[in-house]
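Engineer: Below is one structure. I have some questions about it.
Values quoted throughout were computed directly from the atomic coordinates according to the rules given, and no laboratory measurement underlies them. Every value quoted in this text rests on a predicted model; they were computed, and no experiment measured them. Glycine also receives a Cβ, built like all others from the backbone with ideal geometry; neighbour counts cover every protein chain displayed.
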Amino acid sequence: MEMMKLRALVFVVLAMGMLTGKSNASFKDCYTKCFIFCMIEPTQTLCSCTTHCLKDCIFQEIQNDVGEDGSDNLGFCKLGCAFSMCSGFSTKRTPNGDKVDGCVGSCSNKCTKSYSSSP
């Protein structure tokens, strides 16, 4: 029982350490932090945490990079790619932020900003 309390304390300290930092965190930082906090909740599943964190962090990244047009089409393409290609890297105990980040980054090559309808 004492070992469980110690592990929980270490986990909380590590998680709090992730919270401090720059406000425009990288995708990897965003995903790792989101995934860890999501998995703490007893009602969450691996799939729901992966889906939630991919969505939140991809759109945060896109929002930081979007130009004046504000188009989210790139984000939807990237999200679809990430769901199909990158969602299997995380496990209950390990978010694998590096692998997910690399995979999501490769989705940028598949999705272009040429989705806007032109007359």
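Engineer: For the residue pair Thr91 and Lys55, what label-to-label distance in nm results when each label sits 7 Å from Cα along the Cα-to-beta-carbon direction?
Structural biologist: 2.7 nm
Engineer: Take Gln63 and Gln44, extend 7 Å from each Cα along the Cα→Cβ direction, and tell me the distance between the two endpoints in nm.
Structural biologist: Distance between label points: 1.7 nm.
Engineer: Also: When the Debye formula is applied to the Cα atoms of region 24-110, each taken as the same point scatterer, what base-10 log of I(q)/I(0) results at q = 0.15, 0.17, 0.26 Å⁻¹?
Structural biologist: For region 24-110 at q = 0.15, 0.17, 0.26 Å⁻¹, log10 I(q)/I(0) is -0.49, -0.63, -1.34.
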